[in-house]
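The values are calculated or read from the model by the stated rules, or taken from the named source; none is laboratory data. These numbers come from a predicted model, not from an experiment. Because the Cβ atoms are built from the backbone with ideal geometry, glycine has one as well, and the counts that use them run over all protein chains shown. Side chains included, ligands, DNA and RNA excluded: accessible areas come from the protein's heavy atoms. Shrake-Rupley method; radii C 1.70, N 1.55, O 1.52, S 1.80 Å.
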Amino acid sequence: MTFYEKEIHRIGRIVYANQPQINAIIRTRQYLDNNYESDLNLDVLANAQSISKYHLLRLFKKYYGLTPAQYVIDKRIEKAKEHLVDGMSVTETCFAVGFESLGSFSTLFKRKTGKSPYKYQKEQLSRSMQ
Amino acid sequence: MKVSVLSIPVRDQQKALEFYTEKLGFIKKRDVPLGEGNRWLTLVSKEAQDGPEVLLEPAPNHFEPSKVYQDALMEAGIPYTQFNVDDVQKEYERLIDLEVQFSVKPTAMGTVKVAVFNDTCGNNIQLVQEL
């Protein structure tokens, strides 16, 4: 066993000792992956895992380094990129991934990717034709 | 300021190019001759071709401390670079079939699963899957 593998196991025992808690947070992430386009309802998420809303928030941030809201936004942008590459219109994409306003979608998309959704789509489609 | 290039030190650029494209599935993006057999050789992920480029740089052949550091990391099994995959177990099995050597088999660690392989060019590379 390498030094690194020994360290993985040693650190894992310290940081990830509470497996039931970790499983609850993993289930929360899986739920978000399958429902990213819906309104984020922390009460529902917390009830499903039988923990308080604020505890769930803290635990999610502790294990994934992001709040559930930040995680969902990243997921929506990632999915939006896929839709745009597949040729879906910007407006359709905006609503398909769960945003309620084209303005906020475009602003957030540009902040996260450096390009507007229109420009991103144009570049990707011209690339695929090369 | 944005991240556009990440470096991986390699002992043999041509061998690295073959390993990273033929076994790992990266795509060559830039290949610029820099004299004395050296190249500015970059790759991109097939799934994110507008993402950061991986530069296969021959630093260990020209700068002794780079070689010493790379050797020390290799001996300790430490991966300096990691790539994300959707399914570590599946990728592990695919690469084992291609005779890639792993020093850490798929191992769950909290909210991630990891595995570490040898890139045959002086580096341990870690695969990561978020659980």
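Can you give me the number of residues within the stretch B:1-27 that are touching a Cys at 6+ places or on another chain (Cβ under 7 Å) and hydrophobic (A, V, I, L, M, F, W, C)? Write out each step before concluding.
To start, the set of residues in the stretch B:1-27 that are touching a Cys at 6+ places or on another chain (Cβ under 7 Å) comprises B:10-12, B:15-16, B:19.
Among the residues that remain, those that are also hydrophobic (A, V, I, L, M, F, W, C) are: B:10, B:16, B:19.
Summing the residues that are touching a Cys at 6+ places or on another chain (Cβ under 7 Å) and hydrophobic (A, V, I, L, M, F, W, C) in the stretch B:1-27 gives 3.
Quick grid of which residues meet (1) at positive phi; (2) touching a Phe, Trp or Tyr at 6+ places or on another chain (Cβ under 8 Å):
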residue	(1), (2)
B:D12	no, no
B:K15	no, no
B:E18	no, no
B:K28	no, no
B:D31	no, yes
B:G37	yes, no
B:L43	no, yes
B:L56	no, yes
B:H62	no, no
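Any chance the stretch A:99-106 includes a residue that's touching a Leu at 6+ places or on another chain (Cβ under 9 Å), open to solvent by 50 Å² or more (accessible area, probe 1.4 Å) and of a type outside the set (S, T, N, Q)?
Step one: list which residues in the stretch A:99-106 are touching a Leu at 6+ places or on another chain (Cβ under 9 Å), which gives A:99.
Restricting the remaining residues to those that are open to solvent by 50 Å² or more (accessible area, probe 1.4 Å) gives none.
So far as the stretch A:99-106 goes, no, none of its residues is touching a Leu at 6+ places or on another chain (Cβ under 9 Å), open to solvent by 50 Å² or more (accessible area, probe 1.4 Å) and of a type outside the set (S, T, N, Q).
Could you check, for the stretch B:89-102, whether at least one of its residues is within 14 Å of chain A (Cβ to nearest Cβ) and either modelled with pLDDT under 95 or in contact with a Phe, Trp or Tyr (Cβ under 7 Å, 6 or more places away or on another chain) (or both)? Steps first, please.
The first filter runs over the stretch B:89-102 and keeps only residues within 14 Å of chain A (Cβ to nearest Cβ), leaving B:101-102.
Next cut, either modelled with pLDDT under 95 or in contact with a Phe, Trp or Tyr (Cβ under 7 Å, 6 or more places away or on another chain) (or both) only: B:101-102.
Yes: one or more hits.
Name the one entry in A:Y36, A:Y31, A:Y63, A:Y71 that is in contact with a Lys or Arg (Cβ under 8 Å, 6 or more places away or on another chain) and within 14 Å of chain B (Cβ to nearest Cβ).
Step by step, each of A:Y36, A:Y31, A:Y63, A:Y71 is checked, and only A:Y71 is in contact with a Lys or Arg (Cβ under 8 Å, 6 or more places away or on another chain) and within 14 Å of chain B (Cβ to nearest Cβ).
Please find, within the stretch B:103-131, the residue that is farthest from B:M74 (Cα to Cα) out of those that are within 11 Å of chain A (Cβ to nearest Cβ) and among the hydrophobic types (A, V, I, L, M, F, W, C).
Step by step, filter the stretch B:103-131, then rank; the result is B:L131.
I'm checking my understanding of the structure. Among residues of the stretch B:5-47 that are open to solvent by less than 60 Å² (accessible area, probe 1.4 Å) and part of a loop (DSSP other than H, G, I, E, B), which one is farthest from B:Q82 (Cα to Cα)?
Per the criteria, the residue is B:G35.
Looking only at the stretch A:9-26, which residues are more than 10 Å from every other protein chain (Cβ to nearest Cβ) and within 18 Å of the chain's Cα centre (by Cα)?
Within the stretch A:9-26, A:A24 is the sole residue that qualifies.
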